[in-house]
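Structure first, then comments.
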Amino acid sequence: MQAEDVVNQFCAAFSAGDLDGAMRYIADDCVYHNIPLEPVVGAEAIRQTIAFFFSVLGTIRLETLHQVAHGPLVMNERLDHFSPPQGKPYSLPVAGVFEVHDGRIRAWRDYFDIGQIERGTGLKF
């Protein structure tokens, strides 16, 4: 499977709220870094982080606007749409970078403005 296919399938499972399905594409030693926050290392820690985001942000739909891939590197420009149960719906511009090796994501970095999401949803991180 090509790196871009792995990222697309991961994003589709994530958008469907299918945590188990999304985690199938995460390597055991993956590093997930939301750039304004501290990096999260390892599949279990990433699972816990995503589960927390789902609980706070509700439905999270990843809409890819543009995407490029070169070898193991996939970069996308997205709108991440949130419907938090305790806040208001909001769409956040995100630039994502994924490194895929042996059919699994080994590094995942999302670049965004934390102030935008806090102002947009009314939640504090």
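The values are calculated or read from the model by the stated rules, or taken from the named source; none is laboratory data. Everything numeric here is computed off the predicted structure, so don't read it as measured data. When we count neighbours, we look across all protein chains shown, and the Cβ atoms used for this are built from the backbone with ideal geometry, even at glycine.
Candidates LEU79, LEU65, LEU37, LEU73: the one that is of a type outside the set (Val, Ile, Thr), at pLDDT 95 or above, surrounded by fewer than 17 Cβ atoms within 10 Å (Cβ to Cβ) and more than 23 Å from MET1 (Cα to Cα) is LEU79. Picking from residues in region 14-32 that are part of a loop (DSSP other than H, G, I, E, B) and of a type in the set (D, E, K, R), the one that is farthest from ASP80 (Cα to Cα) is ARG24. For LEU57, the stated conditions hold: it is buried (at least 18 other Cβ atoms within 10 Å of the Cβ) and modelled with pLDDT under 95.
Report yes if some residue within region 15-24 is under 15 Å from ALA107 (Cβ atoms), modelled with pLDDT of 95 or more and either of a type outside the set (Gly, Ala, Ser) or in contact with a Cys (Cβ under 8 Å, 6 or more places away or on another chain) (or both); otherwise report no. No: zero hits.
When TYR25 is tested against the conditions (1) of a type outside the set (A, V, I, L, M, F, W, C); (2) surrounded by fewer than 19 Cβ atoms within 10 Å (Cβ to Cβ); (3) over 25 Å from GLN116 (Cα atoms), the lone failure is (2).
Note on region 59-77: residues that are under 18 Å from ALA12 (Cβ atoms), free of Cβ contacts under 8 Å to residues at least 60 places away in the same chain and not hydrophobic (A, V, I, L, M, F, W, C) amount to 6.
Looking only at region 98-113, which residues are surrounded by fewer than 16 Cβ atoms within 10 Å (Cβ to Cβ) and within 18 Å of ILE26 (Cβ to Cβ)?
The first filter runs over region 98-113 and keeps only residues surrounded by fewer than 16 Cβ atoms within 10 Å (Cβ to Cβ), leaving 101-103, 111, 113.
If the condition is that a residue be surrounded by fewer than 16 Cβ atoms within 10 Å (Cβ to Cβ) and within 18 Å of ILE26 (Cβ to Cβ), then HIS101, ASP102, GLY103 are the ones that fit.
Tally up the residues in region 92-125 that are of a type in the set (Ser, Thr, Tyr) and modelled with pLDDT of 95 or more, please.
So in region 92-125, the residues of a type in the set (Ser, Thr, Tyr) come out as 111, 121.
Remaining after also requiring modelled with pLDDT of 95 or more: 111.
The qualifying residues number 1.
Could you run through region 49-58 and say how many residues are more than 13 Å from the chain's Cα centre (by Cα) and without any contact (Cβ under 8 Å) to a residue 60 or more places away in the chain?
Applying the first criterion (more than 13 Å from the chain's Cα centre (by Cα)) to region 49-58 yields 55-56, 58.
Narrowing further to those that are without any contact (Cβ under 8 Å) to a residue 60 or more places away in the chain: 55, 58.
Looking only at that region, the number is 2.
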